[in-house]
Each structure stands twice: as structure tokens, then as C-alpha cells.
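Shown next, in C-alpha cells, is the structure this report addresses.
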Ligand code: PHE
């Protein structure tokens, strides 16, 4: 820092100078003084005090010179003092400016060095998630039925007993209600009863209430039953409902569709068998079996040595159901099916415990990218 008092003393002493050469020499000395000062300013703060010391309005060196020297210089020296003063001012201003630039550049360089990224370091590989196996199975099922002209619709998981049971031809006290042990919602007294749907079949009724034939829909979704969890049971699981109703839907179309689905889903070698069964909302009702894809029908543990594996329930829509949705049962016919998605995934991918679908252990999930 310039010792301002010294400079002032010097400049005042310079009042005694008597030749232009002496004036110039004085200014040369001041210039050297400034140069010395600049070498000690290394950051923004010291640059600011340097600027104030030389250019400050009141006590800056240059203003003091103007006030105390220029004004009191003898007239014959005034031009040379004035010129030298202007030169010094320009020099100081320029010097301060370039010093400021180089301080800023040095600061930026230091920051860059601090924040340097080593591009040669190996990258971080972030693990990518994948679709859950159940979702993949849903999509596979949807793909097959979309290719047959079905559309995908979804419904609510909370239903009324009417849609889950009554309109599907399952009146109160019907034994079929017992096979679907139901979660009822705990609602304030006096509320209409609601339940968690035990199957996706309520969407058959909703769809037919809203839409006249032709209807060709599939309904993927979650369903709930009060089952104790084990290797083949879970209180929440997944179904895809299917419904096709038109004026001329035959059992033959039904059978062809089911066989096509089984071949697409399990492979072209899979054979299909329909076995008589019972559901209140289909007549006739069937259980769809596929030839065992482990032993190819010869008999093994998976098929319990029968050569066949039970896949899902289905049948021709019972005319009683049409009565609930104002369809003319004498004019329309159709079929319905209810695919158990968890069971189908288990069979297709050889998974012996359905609980694996719900535990979300990444060591399991990773095996189905
Ligand atoms: N809803 C039946 C069940 O969950 C399956 C089914 C659907 C059967 C459609 C026939 C027709 O068991």
C-alpha cells in the first residue's frame, strides 16, 4: 500500500521543484510507487483498497496531488504538472483495470482447478429398473387379445355386492359366495355395503350396462380374497377378465379363441382341453386345461401325472346375466373368461411360490428383465 502520508509529504516537498525535468522525475517516482503497490494486490479486497488509495475521491493520491500541488504550482510549471498528472491518472486507471482482470482470471482458474472432474474415472452405472413379472404377463395377455380385436378397460377395486355377486347370478346365500371369502369395507352404520371385488367379473356387468353389443373387452386388474397366504394363495392377486357378446357368438368361436390364446401364451405345442365346470354366471361353464409343457402330456410332478394343467375358468355367458343388463337374451350370445395372472406367470416361468410376486425382492425381480 502506498504510504499516503509519505506521498503527500513528497508531493508537498515537490512544491520546491523548479524545472519541468524535476516535475517529470517526481511523477516517474509516483508511477514506480504505484507499480510496487500493484504487485502486492492479489485478491479482490486488496485491489479495492489499492483503488481507494490512489483514486479515492477525498484522500486518494491523485486527488490530493490535484488539490495540493497542481493548484499551488508556479504558473510556468502548471502545464507540465497537469500533463504529468493526467498521464499518471490514465496509467493508474489502466493498471487497476488490468489488475482487476487478472485477479478475476486467477480466481476463475483456481475455481476450475478445485472443481475439476476427472474424465478418466470409470462411470457410475446406475441400475435400471424393469417391469414386474406380473406386469409383463398382463402385457403379454393384452397383446394377444388386442390382436383379436378386444379392447382393454379397467374397473374399480371397490364394488357393491350387487355388481360383485347379484348381477352375476350369485344371489345372497348362494354357496358360490362362500368360495370367495370377501373383504367388506368397514363403513359407518346405515351406509350401503361395499366390498373389495373378489374377481374382475363385475366389469362384465358395468360394461354391458353401458354398451350394447358387440362387446369385446378384457379387464386387467387386482382382486381380493380373504385367503391365508401360501405358495398358491394371496389375499390380493391379479386377473384378466374377458367378455365377448354379439348376436352370433358361438361356442365354437369361444373354443377357437381360448385355444389361440393358450398357443400364443404357452407356445404352439400347447394343446387345450375344456373340462366341464360350474360358475353361476356362465352356462355351460368350463375349466380350460393346457397340455403339460414340462412333460408334454406324459405325466410329471407339475401336472400331478395327469398330463394336463388347469389354466383358468370360462364359459358361455349365462342368459340370466343378460337379464340384469337389459340385453335381449334371445338375440345375443357370448362368452367370458377369468385368467388368473399370477397362476399363469407361475406356470409360464416355473415359479413355485406366488409370494415372490409380492415381496419385491430385487434378487427375484432381476431375473425377469
Ligand atoms: N370370475 C371367476 C373367478 O374368479 C372366473 C370366471 C370369469 C369364470 C369369467 C367364468 C367366466 O373364479
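The values are calculated or read from the model by the stated rules, or taken from the named source; none is laboratory data. Not measured: the values here are computed from a predicted model. Glycine also receives a Cβ, built like all others from the backbone with ideal geometry; neighbour counts cover every protein chain displayed.
Please go through segment 278-293 and give me each residue that is part of a strand (DSSP E or B), more than 8 Å from the ligand (Cβ to nearest atom) and either at pLDDT 95 or above or touching a helix residue (DSSP H, G or I) at 6+ places or on another chain (Cβ under 8 Å) (or both), ordered by number.
278, 283, 284, 286, 287, 288, 290 - these are the residues of segment 278-293 that are part of a strand (DSSP E or B), more than 8 Å from the ligand (Cβ to nearest atom) and either at pLDDT 95 or above or touching a helix residue (DSSP H, G or I) at 6+ places or on another chain (Cβ under 8 Å) (or both).
Just give me the residues in segment 310-348 being buried (at least 20 other Cβ atoms within 10 Å of the Cβ), more than 19 Å from residue 217 (Cβ to Cβ) and away from the ligand (no atom under 14 Å from the Cβ), in sequence order.
The answer is 345, 346, 347.
Is it the case that some residue within segment 172-184 is within 16 Å of the ligand (Cβ to nearest atom) and in contact with a helix residue (DSSP H, G or I) (Cβ under 7 Å, 6 or more places away or on another chain)? Steps first, answer last, please.
So in segment 172-184, the residues within 16 Å of the ligand (Cβ to nearest atom) come out as 174-183.
After this cut, where a residue has to be in contact with a helix residue (DSSP H, G or I) (Cβ under 7 Å, 6 or more places away or on another chain) as well, the list is none.
No.
May I ask you to verify whether residue 200 is within 12 Å of the ligand (Cβ to nearest atom) and under 27 Å from residue 148 (Cα atoms)? Full working, then the answer.
Numbers: within 12 Å of the ligand (Cβ to nearest atom): yes; under 27 Å from residue 148 (Cα atoms): yes.
Answer is yes for this residue.
Take segment 125-176 and flag every residue that is without any contact (Cβ under 8 Å) to a residue 60 or more places away in the chain, part of a loop (DSSP other than H, G, I, E, B) and more than 28 Å from residue 346 (Cβ to Cβ).
Once the filter is applied, which keeps residues that are without any contact (Cβ under 8 Å) to a residue 60 or more places away in the chain, part of a loop (DSSP other than H, G, I, E, B) and more than 28 Å from residue 346 (Cβ to Cβ), segment 125-176 yields 125, 126, 160, 171, 172, 173.
Which of the residues belonging to segment 299-354 are within 29 Å of residue 136 (Cβ to Cβ) and in a loop (DSSP other than H, G, I, E, B)?
Of everything in segment 299-354, those that are within 29 Å of residue 136 (Cβ to Cβ) and in a loop (DSSP other than H, G, I, E, B) turn out to be 300, 301, 302, 303, 304, 306, 307, 350, 351, 352, 353, 354.
Of these, 73, 107, which one is touching a residue at least 24 places away in the same chain (Cβ under 8 Å), assigned to a loop (DSSP other than H, G, I, E, B), farther than 30 Å from residue 338 by Cα and not assigned by TED's automatic domain parsing to the domain that holds residue 337? Spell out the reasoning first.
Details: 107 fails: assigned to a loop (DSSP other than H, G, I, E, B).
Of 73, 107, the one residue that is touching a residue at least 24 places away in the same chain (Cβ under 8 Å), assigned to a loop (DSSP other than H, G, I, E, B), farther than 30 Å from residue 338 by Cα and not assigned by TED's automatic domain parsing to the domain that holds residue 337 is 73.
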